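K.L.:
Dumping the structure here so I can ask a few things about it.
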């Protein structure tokens with residue numbers, strides 16, 4: 001099995017997958033400048049239709065997934081305040097074994113979030 005990087009987003013305020021969350025994958029360069037590698041949106045299951053990285057595109061390094069949760073909540077009609085407490089949630093992590101599966105889920109509500117290395 002080749003390595004891959006996947007994610008999903010769950011809206012714990014309603015107990016359902018978060019549909020339509022814009023997700024960006026960024027890679028840190030040697031000068032700590034980040035380059036955007038991919039942009040996608042979550043589907044009805046709160047997942048992306050394809051892995052963020054897979055196979056040969058999986059490389060050791062420091063990555064960041066940016067989840068645009070403020071837009072998601074505004075599109076649902078959730079009152080967030082101005083400015084909203086959460087807008088873009090960045091999760092920075094390292095890939096040390098490109099042959100492994102890295103899963104970075106995000107659990108969200110208008111007032112907080114949680115993540116972990118999933119399977």
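K.L.:
Can you name every residue in segment 20-49 that is touching a residue at least 40 places away in the same chain (Cβ under 8 Å) and not in a strand (DSSP E or B)?
P.N.:
20, 21, 48, listed by residue number.
K.L.:
Scanning segment 62-92 for residues that are assigned to a strand (DSSP E or B) and surrounded by 15 or more Cβ atoms within 10 Å (Cβ to Cβ), which turns out farthest from the chain's Cα centre (by Cα)? Write out each step before concluding.
P.N.:
Restricting attention to segment 62-92, the residues satisfying the condition of being assigned to a strand (DSSP E or B) are 62-68, 88-92.
In the following step, the residues that additionally are surrounded by 15 or more Cβ atoms within 10 Å (Cβ to Cβ) were identified as 63-68, 89, 91.
On the way: 63: 11, 64: 8, 65: 5, 66: 5, 67: 5, 68: 9, 89: 8, 91: 7 Å.
Among those that are assigned to a strand (DSSP E or B) and surrounded by 15 or more Cβ atoms within 10 Å (Cβ to Cβ), it is 63.
K.L.:
Look at segment 15-36 and say how many of its residues are surrounded by 15 or more Cβ atoms within 10 Å (Cβ to Cβ) and more than 11 Å from the chain's Cα centre (by Cα).
P.N.:
Here the count works out to 7.
K.L.:
Say we look at segment 96-119 and pick out the residues that are out of contact with any strand residue (DSSP E or B) (no Cβ under 6 Å at 6 or more places or on another chain) and assigned to a strand (DSSP E or B); which of these is surrounded by the fewest Cβ atoms within 10 Å (Cβ to Cβ)?
P.N.:
112
K.L.:
Follow-up question, since we're still on this one. Just to be sure before I move on: is residue 37 at pLDDT 95 or above and over 30 Å from residue 79 (Cα atoms) in the structure I sent?
P.N.:
Values: at pLDDT 95 or above: yes; over 30 Å from residue 79 (Cα atoms): yes.
Taking the combined requirement at face value, the residue satisfies it.
The values are calculated or read from the model by the stated rules, or taken from the named source; none is laboratory data. What you see is a predicted model; the values in this text were computed from it and never measured. Cβ atoms come from the backbone with ideal geometry, glycine included; neighbour counts cover every protein chain shown.
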